[in-house]
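First comes the structure, then the notes that go with it.
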Amino acid sequence: MDLLKKRILQDGKCFEGGILKVDSFINHQMDPILMKSIGVEFVRRFANKDFNKVMTIEASGIAPAIMVGYLLELPVVFAKKKQPKTMENMISTTVRSFTKDREYNVCISKDFLTKKDRVLFIDDFLANGNAANGIIDLIDQAGAQLVGMGFIIEKAFQHGGEVLRERGIHVESLAIIDSLDNCQIKIR
């Protein structure tokens, strides 16, 4: 994903505390051409996996997950951070956000995540793996099966990817950041 790496170096901004801001092209304003390329790359990387549903967590994971679902003609479901009054058969878990430095509940209806589902999870960032672990908990509660996890950007120095891979989870990250020390973006 040279295009993605180039955009990170060109337009990404680094902040103290290991924060990489990519809101000008991924998670506030989106570049649809880049997002399509991201979707195509995830489809390629998970081509040998058998799954029937794409899952993400709101909000920044929705665009890449939709691209993957669109390309494969599969439904996309996302865990919500606020429980709608109309949600039935809800399951929930708690997730800690690295960027926002707070915990929040995420929920999903078991009507859209069932024992029959084989799930590919797609998200924008992988840092400590907290959101990923929350999604794994929801998938387990629903009796579904996780087949893999794809992330646009992985911050390797925060070790979430390492932990997930040690658990035997198939993880694909399109750009891996090895360091943000001294606000210098170092991409693997």
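For V77, the residues 5 or more places off, or on other chains, whose built amide H falls under 5 Å of its own are V54, M55, T56. Isolated cysteines in the chain, defined as those with no second cysteine Cβ under 4.7 Å, comprise C107. Helical content of the chain, expressed as a calculated mean residue ellipticity at 222 nm, amounts to -9000 deg cm²/dmol (DSSP H runs of 4 or more residues, -39,500 (n - 2.57) each, divided by residue number, nearest 500). Rounded to the nearest Å, what's the spacing between the alpha carbon centres of the range 87-144 and the range 35-82? Just the number, please. For the range 87-144 versus the range 35-82, the Cα centre distance is 14 Å. Modelled spin labels at I187 and R102, positioned 7 Å past Cα toward Cβ, are 3.2 nm from each other.
Each Cα pair under 8 Å and six or more residues apart adds its sequence gap; the mean of these over the residue count of the chain is a relative contact order of 20 percent. Measure nothing but the geometry: give the 0 to 90° angle between the long axis through the Cα atoms of 62-72 and the longest principal axis through the Cα atoms of the chain, rounded to 10°. The two axes meet at around 70 degrees. Against the empirical curve 2.2 N^0.38 Å, the C-alpha radius of gyration of the range 43-118 lands at a ratio of 1.19.
When the chain is treated as a Gaussian network with alpha carbon springs shorter than 10 Å, the biggest mean-square fluctuation among V147, V163, V95 belongs to V163.
Per residue, the Cα convex hull of the range 1-45 amounts to 78 Å³. Show which lysines lie in cross-link reach of K116 when reach means a straight Cα distance below 20 angstrom and same-chain residues fewer than eight apart are skipped. Of all the lysines, those that pass the test against K116 - Cα under 20 Å, at least 8 places apart if same chain - are K49, K53.
Rounded to the nearest 10 degrees, the inclination of helix 32-45 to the longest alpha-carbon principal axis of the chain is 70 degrees.
Amide H contacts of G148: F121, each under 5 Å away and 5 or more positions distant or on a separate chain (H built 1.01 Å from N in the peptide plane; Pro and chain starts excluded).
When Rg and the Kirkwood Rh are both derived from Cα coordinates, the Rg/Rh ratio for the chain amounts to 0.95. Around the amide H of S173, modelled in the peptide plane, lie the amide H atoms of F151, all under 5 Å away and 5 or more residues distant in sequence or on another chain. Average 1/r across all pairs of distinct alpha carbons in the range 60-163, invert it, and you get the Kirkwood radius: 14.2 Å. Evaluating 6.51 cos²θ - 1.76 cosθ + 1.60 at θ = phi - 60° for every residue in the range 150-165, the Karplus couplings come out as x, 10, 5, 10, 10, 9, 4, 5, 9, 6, x, x, 4, 5, 4, 5 Hz, glycine and proline recorded as x.
Coordinate-derived values only; no laboratory data. Keep in mind that this is a model prediction, so the values were computed, not measured. Note that we place each Cβ from the backbone using ideal geometry, even for glycine, and neighbour counts take in every protein chain shown.
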